[in-house]
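The values are calculated or read from the model by the stated rules, or taken from the named source; none is laboratory data. Owing to the predicted nature of the structure, the values given are computational and were not obtained by experimental measurement. Virtual Cβ from ideal backbone geometry, glycine too; neighbours counted across all protein chains shown.
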Amino acid sequence: MIAALTSKLFFRAILVINAIMVITPVFFLFNSALRETNSFASNPFSLARHPYWQNFQQVWSDGEFATYLKNSIVVTGGSLIVILVCAIGAGFVLGRYQFKGNALIFGFVLTGMLVPAKLAILPLFLQLKWMNLLDSHIGLILVYTSGALPAAVFIMSGFFRSLPMDLDSAARIDGASESQLLRLILMPLVRPGLAIVAIYSAIPIWNDFFLPLVFLQSPENKTIMQGLTVFFGQYSSQWGVLFAGLTMAALPLIALYLVLSEQFIKGLTAGAVKG
Amino acid sequence: MAASSLKSEQRKFIVLFLTPALATILVFTTIPALTTLSYAFFKWDGFVRGGFAGFENFKRLFSFPFRGQFLLALQHNILVFVAVMILQTSIGILIAYSLFQLKRRQRFFRTVTFLPVIFSLVVVGYMWQVLLDPYYGPINRVITNLGFESLAKPWLGSMSTALPTLVFINLWRWVGFPAIIFLSGLNAINQEFIEAARIDGASEGQIFRKIMFPLLAPSMTIISVLTFIGAFEWFDLPFVIGGSNGNPAGATDTLALMFYRLSFGSVDSNANEIGIGSSLGVLIFVIVGVGAGIGQHLLRKREVDQ
């Protein structure tokens, strides 16, 4: 009895310690974003009782933060739209239609998952240069799309395949066209799959800084995570402003995560969990 | 009649829906991946390709001055893989088991556990860089205030602690991922096995060791393979904190950083060595491919069916 209780307490303690380890640095980040830089030297821990919003003002006006943020929204949003549209189409065809070459095409799509983008970066760089897509958001969107599509098509075709085939025959008998079948009958049923694909693709794109680092040069094109590296150099001695910048880069995702944590967890572990 | 018109509409859909996806993958993944292999076998002058070079680039990678860098970076990658495997797997399983035991509030603790995984490594890297600042950073403040002044080190700035500190930051950011994977592995275990063992008088510890742990093998396979790939392509965190040279003095250098320097030039020299860089890229690809392949094969064998 006592042994059971101690073991229960032990595992509870593990979770509490883990939670403290996770929350403390994040809380410190937010708290520090609301303090004057000068007050750090005397005490790095005191609570921001009188929030110093000027840090955020300075981030917004001084740095090219607004531009970086806008660029990230364009690149992530653009990639997401292309990925979803392509994955719905390809997933539908590969998951529902039986035709010669289906398995072969599916196999080809899957090979795309084996290639780590980082190692193909040199030919990609030269190819984008040749296509005049270097230092452009469109080039970046295409590369992200290509990287995310194999998994996205895999997930979507799985969702389409899992729906009963009778749906299609019934709809066709009732005179529905193929596009009506897709839009009106199947699409509402594969929505959970779309959520998984959206999160699985969008989060790494929003957070990525390697591809922008290599492909984007002009300051007005840079994305938020790449821009942070510039910003960090500029404000290395102004901790208040620095933390405000980091907070602004991290907050949109954290807010979304707190609302949709189940979908996030499912989406980001998709592919690593069977079934 | 109806059937044939349907067929043509379907055929149209097949072409219309597959072409954009296939073309994008072909142009931006398949072709670059195949050409990257060929790059290693040519002479390069900047970004201009010269004649066929055979294995010359590989030979240069294994001779002065690249050989030393390569071996040091490789050593770091191996160390990081071993450390991350031991720490993330054991802590991940511990957290997963603790979550599994929890009846109420599981959702809150699960959300907190996974939170750092959604963070960008840029944000994580800079956040910890400030937290670990040698003079003003809160962590050294706490250590000093507790009276352990000698332990208040420049964690990221000294040769001996930089790499272990990076591993710790990586752990902070990523341990929620294996924890959640192991938790879903635990949830997938047939409760009847556990009930039966309990009726036979097995202790909770025995149940975990003899039943749950072996049945976690599929999760273990996935985590091991992902960790292996991640460790040998480790780039973002060391780059954000130590720059492309793996500062301090190469203490945090990795194969991927070296690949980046050779491909695009480093901070101190803009000269790039595409041929040697590509040969390193091919090597990393082989290490990751062969390692992950063999690992998966060996680990799969240990998996038992429920």
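Computed quantities for the displayed model
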| item | result |
| --- | --- |
| Test: residue in segment A:146-164 that is within 10 Å of chain B (Cβ to nearest Cβ), in contact with a Phe, Trp or Tyr (Cβ under 9 Å, 6 or more places away or on another chain), free of Cβ contacts under 8 Å to residues at least 60 places away in the same chain and farther than 21 Å from A:Ala202 by Cβ | no |
| Test: residue in segment B:68-77 that is within 13 Å of chain A (Cβ to nearest Cβ), under 29 Å from A:Leu211 (Cβ atoms) and touching a residue at least 12 places away in the same chain (Cβ under 8 Å) | no |
| Residue within segment A:137-151 that is surrounded by fewer than 18 Cβ atoms within 10 Å (Cβ to Cβ) and out of contact with any Asp or Glu (no Cβ under 9 Å at 6 or more places or on another chain) present | yes |
| Qualifying residue in segment B:170-193 (condition: in a helix (DSSP H, G or I), out of contact with any helix residue (DSSP H, G or I) (no Cβ under 8 Å at 6 or more places or on another chain) and surrounded by 13 or more Cβ atoms within 10 Å (Cβ to Cβ)) | no |
| The listed residue being more than 30 Å from A:Ala87 (Cβ to Cβ), at the interface with another protein chain (Cβ under 7 Å from one of its Cβ atoms), assigned to a helix (DSSP H, G or I) and not small (Gly, Ala, Ser), out of B:Ile86, B:Ile95 | B:Ile95 |
| Which listed residue is facing chain A (nearest Cβ under 8 Å), within 27 Å of B:Gly277 (Cβ to Cβ), at pLDDT below 95 and more than 26 Å from the chain's Cα centre (by Cα), from B:Phe64, B:Phe13, B:Phe47, B:Phe42 | B:Phe47 |
| Those residues of segment A:231-246 which are within 8 Å of chain B (Cβ to nearest Cβ) and touching a Leu at 6+ places or on another chain (Cβ under 9 Å), in sequence order | A:Phe232, A:Phe243, A:Leu246 |
| Residue match in segment A:67-75 (condition: of a type in the set (S, T, N, Q) and touching a Ser or Thr at 6+ places or on another chain (Cβ under 7 Å)) | yes |
| Residue check, B:Ile143 at pLDDT 90 or above and out of contact with any strand residue (DSSP E or B) (no Cβ under 8 Å at 6 or more places or on another chain) | no |
| Within segment A:189-238, tally of residues that are assigned to a helix (DSSP H, G or I), of a type in the set (Ser, Thr, Tyr) and without any contact (Cβ under 8 Å) to a residue 40 or more places away in the chain | 1 |
| Residues of segment B:130-159 that turn out to be touching a residue at least 40 places away in the same chain (Cβ under 8 Å) and polar (S, T, N, Q), as a count | 1 |
| Of the criteria (1) in a helix (DSSP H, G or I); (2) at the interface with chain B (Cβ under 10 Å from one of its Cβ atoms); (3) of a type in the set (A, V, I, L, M, F, W, C), which one A:Leu104 fails | (2) |
| Search result, residues across segment A:248-267 that are more than 7 Å from chain B (Cβ to nearest Cβ) and in contact with a Phe, Trp or Tyr (Cβ under 6 Å, 6 or more places away or on another chain) | A:Gly267 |
| Selection within segment A:265-274 - part of a helix (DSSP H, G or I) and modelled with pLDDT under 90 | A:Lys266, A:Gly267, A:Leu268 |
| Helices (runs of 4 or more DSSP H) wholly inside segment A:2-101 containing at least 1 residues that are in contact with a strand residue (DSSP E or B) (Cβ under 9 Å, 6 or more places away or on another chain) and of a type in the set (Val, Ile, Thr) | none |
| Residue check, A:Leu228 more than 10 Å from every other protein chain (Cβ to nearest Cβ) and either farther than 30 Å from A:Tyr97 by Cα or of a type outside the set (D, E, K, R) (or both) | no |
| Top-ranked residue of segment B:192-232 - restricted to ones that are facing chain A (nearest Cβ under 10 Å) and over 28 Å from the mean Cα position of the chain (by Cα), ranked as farthest from B:Phe182 (Cα to Cα) | B:Ser203 |
| Exclusive hit being more than 25 Å from A:Asn55 (Cα to Cα) and either at pLDDT 90 or above or over 15 Å from the mean Cα position of the chain (by Cα) (or both), set A:Ile203, A:Ile254 | A:Ile203 |
| Index of the failed condition, A:Met131 passing every other in (1) under 17 Å from A:Leu211 (Cα atoms); (2) under 23 Å from the mean Cα position of the chain (by Cα) | (2) |
| Criterion: more than 17 Å from B:Arg60 (Cβ to Cβ), touching a Ser or Thr at 6+ places or on another chain (Cβ under 9 Å) and either modelled with pLDDT of 85 or more or not hydroxyl-bearing (Ser, Thr, Tyr) (or both) - qualifying residue of B:Asn245, B:Asn270 | B:Asn245 |
| Residue that is nearest to the other protein chains (Cβ to nearest Cβ) [pool: residues in segment A:111-142 that are of a type in the set (Val, Ile, Thr) and in contact with a Pro (Cβ under 9 Å, 6 or more places away or on another chain)] | A:Val115 |
| Subset of segment B:233-292 that is of a type in the set (D, E, K, R) and under 23 Å from B:Asp133 (Cβ atoms) - its residue that is farthest from the other protein chains (Cβ to nearest Cβ) | B:Asp253 |
| In segment B:98-137, residue farthest from the other protein chains (Cβ to nearest Cβ) [restricted to those that are under 24 Å from the mean Cα position of the chain (by Cα) and part of a loop (DSSP other than H, G, I, E, B)] | B:Leu132 |
| Scope segment B:34-66; condition β-branched (Val, Ile, Thr), under 30 Å from A:Phe108 (Cα atoms) and without any contact (Cβ under 8 Å) to a residue 24 or more places away in the chain; matching residues | B:Thr35 |
| Filter result for the condition that a residue is away from every other protein chain (no Cβ under 12 Å) and touching an Asp or Glu at 6+ places or on another chain (Cβ under 7 Å), over A:Pro188, A:Pro219, A:Pro192 | A:Pro219 |
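Each row is one residue, and each column tells you yes or no for (1) among the β-branched types (Val, Ile, Thr); (2) surrounded by fewer than 19 Cβ atoms within 10 Å (Cβ to Cβ); (3) not in a helix (DSSP H, G or I).
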| site | (1), (2), (3) |
| --- | --- |
| B:Lys12 | no, yes, no |
| B:Leu22 | no, no, no |
| B:Thr36 | yes, no, no |
| B:Ser63 | no, yes, yes |
